[in-house]
Amino acid sequence: MKKNLKLAVQKKGRLSDKSMQLLRNCGLDIENFQDRLIVSATNFNLDILFLRDDDIPEYVQDNVAHIGIVGENEVLEKGLDVEIVKKLGFGRCSLSLGIPEKSKINDVNDLSNKTIATSYPNILKNYLVENNVEAKVIELSGSVEIAPSLGVADFICDLVSTGNTLKLNKLKKSFKVLDSQAALIKSKIMDEDPELKKLFDKLLERIESSLKAQKSKYIMMNIPKNSLDRIIEIIPSLKSPTVLPLSDENLLAVHAVISENKFWDINEDLKKAGASGILSLPIENIIL
Ligand code: PRT
Ligand code: ZN
């Protein structure tokens, strides 16, 4: 019987939907997974285990799940022996110092002899040691942001994305201890099994192609024949653009793949060079 690669993803939380979306973008057909702890892909040898994010690094270290999708913050906090293979570009946040609105701190030295509440005591303690600062760290498992108003701590160190939670609790963001995003992690012994390694390499190739595609756009436009050289100069294409004849002999169609963030930069120049009907379309996958 063929082996299945086991992938752990967060069951319910901030990373769940995007993790499943990424797998679908890789062409995986996944059984209906509502309220199930494990499901299989119907067109790939893959089982998906739904777990709490805190548990994923340990399951992967122990090779119970061969790979996982989890926030880098969880991996670093647990300090387990897993490999971070690829940052996935979603679930971005920073582990930052939050201080009362009226307080002022300039740098890490101002934390000296203060009390800081956090759910990430290991990352914070390492950071303090690296910076030669002695402070008291209180570990709280949730609602860290209310600690200063309860008088439990002077400051907090918590994950921040929009900053709204800090504001609601009359805190402000001070400096950053760590940047984090969702990452693909893998067990260090999974590779020893050639069958699993082959499945993993195949899945990783699909993930990489899907991530590349998300950052790219397919653009199409019509141009006057005589502006082709200028248009090709403007387009920062991955490869040479495709040029097609149109029924109007004075016109050509140009198609190209460009990075998403370049689209608005080149738009004006393309128009000035005579391009019209400029379309930009999403791409599902790119295999170079
Ligand atoms: O049940 P389970 O243990 O699986 O989930 P959880 O509640 O522990 O985790 P969850 O779903 O909240 O977060 C999962 C992962 O998402 C985290 O480990 C991070 O890698 C990532 N992530 C990204 C965040 C945030 N952004 C985030 N803003 N995780 C938590 N927050 C919290 C933060 O702790 C604070 O309470 O959101 C609040 C701040 O958000 P803003 O937008 O107000 O700044
Ligand atoms: Zn958690």
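Annotations
- For region 43-59, a residue qualifies if it is of a type in the set (A, V, I, L, M) and within 16 Å of residue 199 (Cα to Cα), and the qualifying residues are 46, 48.
- Exclusive hit being at pLDDT below 95, out of contact with any helix residue (DSSP H, G or I) (no Cβ under 9 Å at 6 or more places or on another chain) and not aliphatic (A, V, I, L, M), set 107, 62, 47: 107
Conditions tested, residue by residue: (1) of a type in the set (Phe, Trp, Tyr); (2) surrounded by fewer than 16 Cβ atoms within 10 Å (Cβ to Cβ); (3) free of Cβ contacts under 8 Å to residues at least 60 places away in the same chain.
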site: 191; (1), (2), (3): no, yes, yes
site: 224; (1), (2), (3): no, no, yes
site: 239; (1), (2), (3): no, yes, yes
site: 279; (1), (2), (3): no, yes, no
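- Residue under evaluation residue 49, criteria (1) within 20 Å of residue 172 (Cα to Cα); (2) under 22 Å from the mean Cα position of the chain (by Cα); (3) not hydroxyl-bearing (Ser, Thr, Tyr), criterion not met: (1)
Condition check ((1) in a helix (DSSP H, G or I); (2) away from ligand 2 (no atom under 13 Å from the Cβ); (3) closer than 19 Å to residue 87 by Cα; (4) of a type in the set (Phe, Trp, Tyr)) across all residues:
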{"position": "12", "(1), (2), (3), (4)": "no, no, no, no"}
{"position": "36", "(1), (2), (3), (4)": "no, yes, no, no"}
{"position": "39", "(1), (2), (3), (4)": "no, yes, no, no"}
{"position": "44", "(1), (2), (3), (4)": "no, yes, no, yes"}
{"position": "54", "(1), (2), (3), (4)": "yes, no, yes, no"}
{"position": "70", "(1), (2), (3), (4)": "no, no, yes, no"}
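- Only a single item in (1) assigned to a strand (DSSP E or B); (2) within 16 Å of ligand 2 (Cβ to nearest atom); (3) of a type in the set (A, V, I, L, M); (4) touching a Ser or Thr at 6+ places or on another chain (Cβ under 9 Å) is not met by residue 76, and it is number (1).
- Screening region 57-68 for residues that are within 15 Å of ligand 1 (Cβ to nearest atom) and assigned to a helix (DSSP H, G or I) and picking the one that is surrounded by the fewest Cβ atoms within 10 Å (Cβ to Cβ) gives 58.
- With respect to the stated conditions, residue 178 is surrounded by fewer than 20 Cβ atoms within 10 Å (Cβ to Cβ), at pLDDT 95 or above, within 14 Å of ligand 1 (Cβ to nearest atom) and not charged (D, E, K, R).
- Of all residues in region 9-39 being at pLDDT 95 or above and small (Gly, Ala, Ser), the one that is nearest to residue 67 (Cα to Cα): 19
- Restricting region 1-42 to residues that are in contact (Cβ under 8 Å) with a residue 40 or more places away in the chain and over 25 Å from residue 198 (Cβ atoms), the residue that is farthest from ligand 1 (Cβ to nearest atom): 18
- Among residues of region 127-145, those that are out of contact with any helix residue (DSSP H, G or I) (no Cβ under 6 Å at 6 or more places or on another chain), acidic (Asp, Glu) and under 20 Å from residue 172 (Cα atoms), counted: 0
- Every residue from region 96-120 that is free of Cβ contacts under 8 Å to residues at least 24 places away in the same chain and surrounded by fewer than 17 Cβ atoms within 10 Å (Cβ to Cβ): 102, 104, 106, 112, 113
- Unmet requirement for residue 219, which otherwise passes all of (1) in contact (Cβ under 8 Å) with a residue 60 or more places away in the chain; (2) aliphatic (A, V, I, L, M); (3) crowded, with 21+ Cβ neighbours inside 10 Å; (4) not in a strand (DSSP E or B): (4)
- Among (1) part of a helix (DSSP H, G or I); (2) within 16 Å of ligand 2 (Cβ to nearest atom); (3) closer than 22 Å to residue 211 by Cα, the one test that residue 23 misses: (2)
- Matching entry among 239, 202 (being under 15 Å from residue 288 (Cα atoms) and assigned to a loop (DSSP other than H, G, I, E, B)): 239
The values are calculated or read from the model by the stated rules, or taken from the named source; none is laboratory data. The shown structure was predicted, so the numbers you read here are calculated from the model rather than taken from an experiment. When we count neighbours, we look across all protein chains shown, and the Cβ atoms used for this are built from the backbone with ideal geometry, even at glycine.
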